[in-house]
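Here is the structure we will look at.
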Amino acid sequence: MVSDTMGRTVMSGGLDPFGSFVITVPAGEYRLAVSAEGYTPYRTTTTVAEGTLAPLGDVTLQVAQPPELPAPGDWEVEPAHTSIGFTARHIGLARIHGRFNSFAGAVRITDPVERSAMHVVIDAASIDTGVRMRDDHLRSADFLDVAAFPTLEFYSERFVQKGGTRWAVTGALTLHGVTRTVVLDTEYLGLGNGMEGEVRAACRATTELHRDDFTVSWQTMLARGIAVVGSSIRVELDVQLVRKG
């Protein structure tokens, strides 16, 4: 990314197939930041004169030290600092954002971490998009059918490091009475201490679900053949774990 002295982004993007990045900018002073997953960012400044080139030469990134992993033992999801949110398309235009307000989860960290396991249970009736009429419809038999399927459950015992802070957490999601394999694209954020000295671990994760995979197939079309509700749902999680004991 290239920015000016005011911090405004001038240009951002990736390298070409030859590992080069070339831009044309007005004369002035600029800041350059080069980053890649698993590496320490490189930052420098340069001054570009009118009608001249300002080559930076070869840039070598150093491998970043990954954050310390959670210690083996039992950890639990801390609801007050965790969110389970989702985004769906409405009539192919707007995005509808929602969340589940009630859930519980536990993680057993092992050595190695790849053999760890987690189990999360979500109260289906706690769905919340900020509109009561819409939420009541989502709880009905057209969608989640919470009377018949009161919970969503996710169980995983496969943690695979993809490089740096990136992990793939693969597990079984049970939704609407149907179980499917789901992969959470996860970024591990590291460890910290809470207000009372308790040890916490944090991560972010995303995945995409297709309603038809879980037989949530209610559909209404507009006159132009546009679906009122999109077929895929993006799920975003911000998770804090607290070590038990």
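The values are calculated or read from the model by the stated rules, or taken from the named source; none is laboratory data. Remember, predicted model here, so these are calculated numbers, not experimental data. Please note: Cβ atoms are built from the backbone with ideal geometry, for glycine as well, and neighbour counts cover all protein chains shown. These accessible areas exclude ligands, DNA and RNA; they are computed on the full protein's heavy atoms, side chains included. Shrake-Rupley method; radii C 1.70, N 1.55, O 1.52, S 1.80 Å.
Please work out the C-alpha center-to-center distance from segment 1-59 to segment 148-172 and express it in whole Å.
A separation of 38 Å, based on Cα centres.
Using packing as a proxy for protection, rank 200-212, 40-52 so that the peptide with the highest average count of other Cβ atoms within 10 Å comes first.
Details: 200-212: 16.7, 40-52: 10.8.
Put in order of decreasing packing, that is 200-212, 40-52.
Among 234, 89, 134, determine the one that fluctuates most according to a GNM of the chain built with springs between C-alpha atoms less than 10 Å apart.
Of 234, 89, 134, the most mobile in the Gaussian network model is 134.
Could you tell me, in Å, what Rg and Dmax come out for the Cα atoms of segment 1-64?
Calculated on Cα positions, Rg and Dmax stand at 12.2, 37 Å.
Using a Debye calculation, one point per C-alpha and no hydration shell, please list log10 I(q)/I(0) for the chain at q = 0.11, 0.16 Å⁻¹ in order.
Those come out to -0.78, -1.12, one per q.
Using only the alpha carbons, work out the radius of gyration and Dmax of segment 16-135 in angstrom.
24.0, 64
If you roll a 1.4 Å probe over the chain with all protein chains in place, what percent of the accessible area is carbon or sulfur?
In the chain, the share of accessible area belonging to carbon and sulfur is 54 percent.
For an R0 of 30 angstrom, estimate the FRET efficiency from the Cβ-Cβ distance between residue 71 and residue 153 and round to the nearest 0.05.
Given R0 = 30 Å and the Cβ-Cβ separation, E is 0.70.
Cut-off 10 angstrom, C-alpha nodes, Gaussian network model of the chain. Which of 145, 58, 213 fluctuates the most?
Among 145, 58, 213, the largest mean-square fluctuation in the Gaussian network model of the chain belongs to 58.
As a test question: what accessible area, to the nearest 10 Å², does residue 37 have when a 1.4 Å probe is rolled over all protein chains in place?
Here the residue's solvent-accessible area equals roughly 100 Å².
When the chain is modelled as a GNM with alpha-carbon springs shorter than 10 Å, which of 76, 196, 153 fluctuates the most?
Among 76, 196, 153, the largest GNM mean-square fluctuation belongs to 196.
What is the spin-label model distance, in nm, from residue 106 to residue 174 if the labels are put 7 Å beyond Cα along the C-beta direction?
Those two pseudo-labels are separated by 1.6 nm.
Hey, what's segment 1-157 come to in accessible area per residue, 1.4 Å probe, Å²?
That works out to 65 Å² for each residue.
Quote the relative contact order of segment 53-136 in percent (integer), defining contacts as alpha-carbon pairs under 8 Å separated by 6+ residues. Display every interim value, and only then the final one.
Working: 104 pairs, mean separation 21.2, N = 84.
Once normalised by length, the contact order is 25 percent.
Take residue 136 and residue 97, extend 7 Å from each Cα along the Cα→Cβ direction, and tell me the distance between the two endpoints in nm.
2.6 nm
Calculate log10 I(q)/I(0) of segment 71-134 for q = 0.14 Å⁻¹, where I(q) comes from the Debye formula with a single equal point scatterer on each Cα and nothing for solvent.
The computed values of log10 I(q)/I(0) come out as -0.57.
So what is the orientation-averaged projected area of segment 89-211, using the convex hull of its C-alpha atoms, in nm²?
Average projection, Cα convex hull of segment 89-211: 9.7 nm².
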